[in-house]
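Peer 1: I have a structure here, written as structure tokens, and I will follow up with some questions on it.
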Amino acid sequence: MIREGIFSDAKAIAEIYNYYILNTVITFEFDPVTPEEITKRMEKYKEIGPYLV
């Protein structure tokens, strides 16, 4: 099910995303992100549209 993400999803999003940062070459990031960073990104982009999970 796809839904709009909420701030309490940030920890799980960071865990999933960090796997891909550390173990693949499919992101443009090199360093793991924190749940706080994910929350900042969710806040920043909410004006553009929903953060889907």
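Values quoted throughout were computed directly from the atomic coordinates according to the rules given, and no laboratory measurement underlies them. Just so we're clear, the structure is a prediction, and the values are computed from it rather than from any experiment. Cβ sites come from the backbone with ideal geometry, for glycine too, and all protein chains shown count toward neighbours.
Peer 1: Could you figure out which of (1) surrounded by 11 or more Cβ atoms within 10 Å (Cβ to Cβ); (2) within 11 Å of the chain's Cα centre (by Cα) isn't true of Leu52?
Peer 2: (1)
Peer 1: Just one of (1) in contact (Cβ under 8 Å) with a residue 12 or more places away in the chain; (2) assigned to a loop (DSSP other than H, G, I, E, B); (3) of a type outside the set (A, V, I, L, M, F, W, C) trips up Asp31, so point out which.
Peer 2: Every condition holds for Asp31 apart from (1).
Peer 1: Being in a loop (DSSP other than H, G, I, E, B) and surrounded by 13 or more Cβ atoms within 10 Å (Cβ to Cβ): is that true of Val25 here?
Peer 2: In short, no.
Peer 1: Let me ask something else. For the structure I just gave you, tell me whether Tyr45 is of a type in the set (Phe, Trp, Tyr), surrounded by fewer than 12 Cβ atoms within 10 Å (Cβ to Cβ) and within 12 Å of the chain's Cα centre (by Cα).
Peer 2: Answer is yes for this residue.
Peer 1: Just one of Ile48, Ile38, Ile2 is β-branched (Val, Ile, Thr) and outside any loop (DSSP other than H, G, I, E, B); which is it?
Peer 2: None of the other options fit; the residue is Ile38.
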